[in-house]
Structures are given as structure tokens and as C-alpha cells.
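*Asks:* The structure's right below; bear with me while I get my questions together.
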Amino acid sequence: MILTVLIAGLAFSTSREIAVSRLLPAAPALAAAMWPVLPTILLGAFCLLTMIVLSLFYTDLGTQYTSAAIVAVTLAAAYGSHVRLQREEILFHVRLVADAAQKVLLRPLPHRIEDVEIESLYLAAQEQARIGGDFYEAMGTPYGVRLLIGDVRGKGLSAVGAASAVISCFREAAYDEPDLKGIIHRLETTITRHSAAFPVPDQPEHFATALLAEIPHGGGHIRLLNCGHPPPMITHCGQVRVLEPATPSPPLNLAALIGDRYWVDVVALAPGDQVLLYTDGVSETRDRNGQFFPLSDWMQQQGLEHPRELLDRLHRDLLQHSGGRLDDDIAALALRCSSAQERDPVGP
């Protein structure tokens, strides 16, 4: 509309030799990119009417040719608007289906399981995506609270498929297996079968890093089985400690190459302690100079705030460090064991 009024005003106020009126067909052409069919046609009709009014004042503007151009462009623009609306509707329904599928795969976690507060953070590097190759899950089981966080090699739909297979297997195995080693063996079998069933042209096989954690009923400690994953961090009495595995375990789908021996570490976990689980997208976020995000130093500067506040700060500082651009998927889980006062605020 602004363009139409501007062209019409210039056409009336300038000399006829300039012939600004010949730009009128541009208005309905531009409208087709934003407007529905009927408003586009009405704008074309307004441009045609404007041209007819101009011809009453200037008889040698080539009115018949400009009018024909307005009619032709308006009809083409109306058809283009119709096609655009159809494609937008199809894209809208596709996004609804994709969004529903992504929510099923990476479902929202409960904020509390037994005495453990849990919050999650996920940032997909690929635009318009909710999930990628990183994954996590947490659930209450007969053996305590069990958690999984991991990262599939690669990006795109192939990585999402492998992550989906691992998460689905974990949701079943976490209830059935009495120890973490039994769960990891089932995850290993699942990703091996998935890699064989869905090969990827640019890589011979999928593999994934994974970290399993278990907090038994009543707390007191946390069991960790780390399969090539970045080590978690624990904050105890204001001190941050990196929980490196005593003996590394092989990543998923690499056991056939480097052995299938797995080791579980047991770490004391007192009420009020906070644990941060994360993928390498967090620790390897780079700034413009190529410097990694100083996660350990950053964690040391944080207090024992609520896990949601911790992840919100992490989200903000990661985006600030990277300049708002992420080169890899980011996933993180923050856990905190409730103190006795938080579990029983009224007291005896």
C-alpha cells in the first residue's frame, strides 16, 4: 500500500516525461509474497483505477500498455499468492507432526523424582529443530532414580534416529535391569542393530557417548557409568569437583573394537549437593577467537541455586560466549538432592 501511494503521488507530482506510473505493476507483485489472493486482486484493481485517473490528466502516458501490464501482473500475483498459501498450509501441518514426534522422543522431564530435583536444557544447532543427536532421559524405577545423557556422532536425521533407538531402549531397560551394566549392554545391542539396519553413506556406523547415573532410594551416593562421555560435575559445600571415571568404558557401538568391559563409579551425594550432566556441545562451545567455554570455572562461580536457575544462566552465558551461534547440539541436566528440611518443611 505504501509503495502504491508513493508511486501514485510521484506520478501526479512529476512531469509526464518521467512516467513513474509504469512502476504500478510492482505493487501487486510484491503483495503476492505477503497477502492472500483477494487483497492482492483488490490492490491490483486499485492500481488500475489509479492509472485510469492519471490518464484523465495525461493523455500520452501509454495507459493501455501499463493497464495491460497491471492486469497481467495482478492475475499472476493472485495465482502466486494461492500457491504460496497452499505450501504454507502444508508446511504448517508438517511442522505440527514433527513437533509432536519430537516431543514424544525428547519428552519433558518431571521437575522432581522422589527426593531429586531435575531440570533440563536442550538447544539444537540445526535451525527449526527441537532435537538433534544429543539425548537425555530420567525416570523413577524400582532401583532408584536413573538418568541417561548422551551424544550420537554426527548431525541431522540419522543422528536423531540413533538417539531415538537409544532412548527407547533405556526407557525399558531402566525398569528391568538391576544394575547399570545390564542397561548399558542392552543399549550397546540396540545401537549396533540400528546401525546395521540404517547405514549412513558418509559414515560406516553410528556410535554414541553415554553417561548412566543412578541415585538409589534414600540417596547417599550416586553411581556413574561413563562410556566416553564428558565427565559430570558435582558441587558440594561450594566446592566443584569433576567426576572423571576411574576407568574409562567404551562408547556405545565400539565395544566390539575396544572391548565390552564397563566400570561403575560410586560418588558420595549429600543432601543439597548439585550435579551437572552435559554433552560436549556445552564444554566445546567456542567464542569468536576459538576459545572453549570455561565450564569448570563457570561452575565454580555459581552458587547452590535451584537447578532451573543454574541452567537458565548456563543457557544465557553459552549464547553470550558463542555470539548467539551454536555449532553443535547442547544438552544438560541439573540435579539436586533435597535436604531433610526441604523434604519435611513442617518438621516432626
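The values are calculated or read from the model by the stated rules, or taken from the named source; none is laboratory data. What you see is a predicted model; the values in this text were computed from it and never measured. For neighbour counting, all protein chains shown are included, and Cβ atoms are generated from backbone atoms with ideal geometry for every residue, glycine included.
*Asks:* Anything in region 216-267 that is aliphatic (A, V, I, L, M), outside any loop (DSSP other than H, G, I, E, B) and out of contact with any helix residue (DSSP H, G or I) (no Cβ under 9 Å at 6 or more places or on another chain)? List them, or say none.
*Replies:* I222, I234, L257, I258, V266, V267
*Asks:* Only one of these is more than 28 Å from R325 (Cα to Cα), surrounded by 17 or more Cβ atoms within 10 Å (Cβ to Cβ) and either out of contact with any strand residue (DSSP E or B) (no Cβ under 8 Å at 6 or more places or on another chain) or outside the structural domain of A331 (by TED's automatic domain parsing) (or both): L243, L224, L254. Name it.
*Replies:* Only one candidate passes the filter, namely L254.
*Asks:* Just one of (1) over 30 Å from A332 (Cβ atoms); (2) buried (at least 16 other Cβ atoms within 10 Å of the Cβ) trips up L106, so point out which.
*Replies:* Looking at each condition in turn, L106 falls short on (1).
*Asks:* Still on this structure: Can you go through G238, G228 and tell me which one is small (G, A, S) and in contact (Cβ under 8 Å) with a residue 40 or more places away in the chain?
*Replies:* G238
*Asks:* Within region 85-95, is even one residue basic (K, R), at pLDDT 90 or above and not in a helix (DSSP H, G or I)? First the steps, then the outcome.
*Replies:* Our first condition is that a residue be basic (K, R); within region 85-95, this holds for 87, 95.
The next check asks that each one be at pLDDT 90 or above; those that pass are 87.
Keeping just the survivors that are not in a helix (DSSP H, G or I) gives none.
The answer is no, given that none of the residues of region 85-95 is basic (K, R), at pLDDT 90 or above and not in a helix (DSSP H, G or I).
*Asks:* How many residues does region 133-184 contain that are in a helix (DSSP H, G or I) and either charged (D, E, K, R) or closer than 26 Å to G219 by Cβ (or both)?
*Replies:* 13
*Asks:* Among the residues of region 296-307, are any assigned to a loop (DSSP other than H, G, I, E, B), free of Cβ contacts under 8 Å to residues at least 12 places away in the same chain and of a type outside the set (G, A, S)?
*Replies:* Looking through region 296-307, at least one residue is assigned to a loop (DSSP other than H, G, I, E, B), free of Cβ contacts under 8 Å to residues at least 12 places away in the same chain and of a type outside the set (G, A, S).
*Asks:* Hey, can you tell me all the residues within region 218-254 that are closer than 22 Å to E117 by Cα and of a type in the set (V, I, T)?
*Replies:* Answer for region 218-254, where residues must be closer than 22 Å to E117 by Cα and of a type in the set (V, I, T): I222, I234, T235, V240, V242.
*Asks:* Still on this structure: Out of curiosity, is R313 modelled with pLDDT of 90 or more and surrounded by fewer than 18 Cβ atoms within 10 Å (Cβ to Cβ)?
*Replies:* yes
*Asks:* Okay, moving on. Identify all residues within region 96-125 that are among the charged types (D, E, K, R) and modelled with pLDDT under 80; write none if there are none. Before the answer, list the steps.
*Replies:* Of all residues in region 96-125, those among the charged types (D, E, K, R) come to 99, 103, 107, 112, 114-115, 117, 119.
Listed by number, the residues that qualify are D99, K103.
*Asks:* Quick check on my filter: what residues within region 185-200 are part of a helix (DSSP H, G or I) and out of contact with any strand residue (DSSP E or B) (no Cβ under 9 Å at 6 or more places or on another chain)?
*Replies:* Hits for region 185-200 are H185, R186, T189, R193, H194, S195, A196, A197.
*Asks:* Same structure, new question: When residues of region 96-109 are filtered for being part of a helix (DSSP H, G or I) and of a type outside the set (D, E), how many remain?
*Replies:* At the first step, the residues of region 96-109 found to be part of a helix (DSSP H, G or I) are 96-105.
Still in the list and also of a type outside the set (D, E): 96-98, 100-105.
Qualifying residue count, region 96-109: 9.
*Asks:* Which members of region 8-40 meet the condition of being within 48 Å of the chain's Cα centre (by Cα) and closer than 17 Å to A68 by Cβ?
*Replies:* R22, L23, L24, P25, A26, A27, P28, A29
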